[in-house]
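Each value in this text was obtained by applying a stated rule to the coordinates, not by laboratory testing. Quick caveat: nothing in here was measured; it's all calculated off a predicted structure. Quick reminder, even Gly has a Cβ in these numbers, built from the backbone with ideal geometry, and neighbours come from all protein chains shown.
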Amino acid sequence: MPRADTTRRELLGAGAVCVTAGALATTYPTARARAAASDLSPAGEAPVTPITLQINGQSATVGIEPRVSLLDLLRETLELTGTKKGCDHGSCGACTVHIDGKRVVSCLTLASRCEGKQIVTIEGLADGDRLHPMQAAFLEHDGYQCGYCTPGQIMSAVALTREGHTGSDDEIREWMSGNICRCGAYPNIIAAIRDVAGAREG
Amino acid sequence: MENFTLARPRSLDESFAAMRAPGAMYIAGGTDMMQLLRDNIIAPPGLVDLENLRMTEISSTPDELRLGALATMADVAANPAVRSGWKAISEALLSAASPQIRNMGTVGGNLLQRTRCPYFRDTGSACNKRVPDSGCPAIEGDNRDLSIFGGSPSCIASHPSDMPVALVAMGARIVLRGPGQQERVIPLRELYRLPGDTPWVETNLRPREIIVAVLVPASPAARASTYVKLRDRASFAFALTSAAVGLHIEGGIVRDACVALGGVAPMPWRAEAVEHALRGRPATEASFAEAAARAADGATPVAGNRFKVDLAARTVARALQIAAA
C-alpha cells in the first residue's frame, strides 16, 4: 500500500519513472523512445532522429519520428504526464507549456522543432516542495473541480501574469480564452489569478 | 497522422532545394498545419520547416509597414508602430485564435490558413477542395459559416483569418521569392483565387514560392482604422462576419475610406461599393448607415447563411461608427 503522503502521480506512475521525486533523467535510451514512438505510429518508416531538449532546466535526449508532437513526447516518452491531452487540436489549452518563456499549445508543436529551446511544463513550476504562487492560489481559491484542465490553466495564468494582462477581470477572461474548463471553475480561476497579480502589484 | 520527413533549411535556396521532394510542403508556425496533418486532410511525405529563415522583422517608415512572414501574430499585435499606424491589424490579430496560438502562428501562415468548412475538415465527406470533383455537400448542407460572396457551384468555403481582412482593406502587398527568381511583389488580393470550378487551387503562388514579407502603406485611414468581429462566443471563435474599416475624415467630410469584410467569402472581401458611397460624403451616422447597406451588394447567400447579408451590413455600420469616433 502506498504511504499516506504518496502523491497521486506516484501512485499512478508506480513502477515507472517518478517525476516528482526524482530529477529528470538526462538521457533517454533511444530504443525506449523508439518503442514509444512506434506505439504512437505503427506504420512508421520515417527516420527516428535523436534530438536534445531542455525541459524544466534539464537536458533530455530522445529519438523520435518527426511527426511526434511535443505533447506526446512529454507524456508518452518522458512520462511528464502533468501536461494533459484534451482536444489535440489547439482548442482547449489543457496541453499549454512554455517555450522560451512564451505559452504555447504543445499538441500543435512538433517536438523535433524544439531543439535548443527552453521548455517549462507544470512539473517545472514548483521549487521543490514549495508550490509556485499560482499553484498555491489555485488551491486556495479552489480553481478547479475535476482538475484535468488545471495544469494548462496554471501554465497560461503564469504567462498571462508575466505578460501583464491582469488589469481587470474582463482582461483576465479574454487572455485566458485559450483554456477551456468543462467544470466551469472560471470564477475561482479568475480569483486565483487576481490574487497572484494583486500580490505582485502590492 | 502519416509519417513525414522534416527538413530544417537555413536559407531560402536550401528551402527551395528541400521542396524538390515530391509532395513536400512548407511549415511555419504549424498551428493549422498540425490540425490538417492530424486529421489526414493533408499527408505530405515531407515538410520543409521555415523557422530558421528568421524573417521575423517588424519595421516601419513614415510611408510603409513591413511585416516579416515569420513574425508571430502576438508580436505583430503588440508592436507599438502597428498599434498606432495600422490599428486594425493589431485589433484583428487580437481578435483571432487564443494567446497560445498567437504566440505560434505567423503572418505568412495566417494568410494561408485553410478554410474551416466542416466538409473540408472531415475526410469522411466529399469536398471539391480536398478531393477534386468529389462534390460539395456544403451547398445543400451545413453552410451557416460559409461564403455569401465569391462562391461557385463547386465550393462556397470561406476564408477564416482575421488579419488578412485588415491587410486587404489597407491595400497591402506581399513580397515573394521563388527558385531562380528575383523577388516579386503583388497585391495581397492577388494571392487568393476564387474557387470557380477548381476550388483546390487556392492561391496564385508559383511552385515552391515563399511569402517573405507583407508591405502595408501608411495612410490617415490606416491610422484611424478598426476591426469589428462578430462570432458565436465572446472570444476564441472564427468570425461569422467581420469588418476592417479605415476612415480619413477632414472637416466633417470623409476624404478616404477603406473597407473589407471577413467570414463572408473565399478571400478577404474588399467592399468597394461601401468605400465609394463614403468618399466625399459627410461623416454622419445617416451616411454611414447608407454606405454600410451597400456591404451586401452582390451577395449570393445560401439557405443557412442568409443572416450574414444583414449582419455584414451591420458589422460595417458599427465599424464605421468606431473608426469615426
Inset, instruction - Could you compute the FRET efficiency for A:H89 and B:D63, with r as their C-beta to C-beta distance and R0 at 30 Å, rounded to 0.05? - result: 0.15
Inset, instruction - Would you calculate the separation in nanometres between label points at B:A289 and B:E183, each defined as 7 Å from the Cα along the Cα-to-beta-carbon direction? - result: 4.8
Legend entry - A:C183-B:W200 FRET efficiency (beta carbon distance; Förster radius 51 Å; 0.05 resolution): 0.75
Legend entry - Per-selection Kirkwood Rh - the stretch B:1-93 (Cα, Å, 1 d.p.): 14.9
Inset, instruction - Count, for each residue of B:99-112, the Cβ atoms from other chains sitting within 10 Å of its Cβ, then give me the mean as a whole number. - result: 5
Inset, instruction - Name the longest site-free stretch of chain B, where the excluded sites are trypsin sites (Lys or Arg not before Pro) in a DSSP loop with no more than 12 other beta-carbon atoms within 10 Å. - result: B:55-232
Legend entry - Other protein chain Cβ atoms within 10 Å, averaged over every residue that makes up B:80-91: 0
Inset, instruction - Would you give the gap between the C-alpha center of the stretch B:1-74 and the C-alpha center of the stretch B:296-325, rounded to a whole Å? - result: 34
Inset, instruction - Towards the positive end of the charge dipole of the stretch A:83-179, with charges on Cβ (+1 Lys, Arg; -1 Asp, Glu), say which of A:I99, A:Y144, A:S177 has the farthest Cα. - result: A:I99
Inset, instruction - Provide the three semi-axes, in whole Å and in decreasing order, of the ellipsoid equivalent to the protein assembly as shown as defined by the square roots of 5 times the Cα gyration tensor eigenvalues. - result: 40, 28, 22
Inset, instruction - Could you check the simple spin-label distance between A:R173 and A:A136, using points 7 Å along Cα→Cβ, in nm with one decimal? - result: 2.9
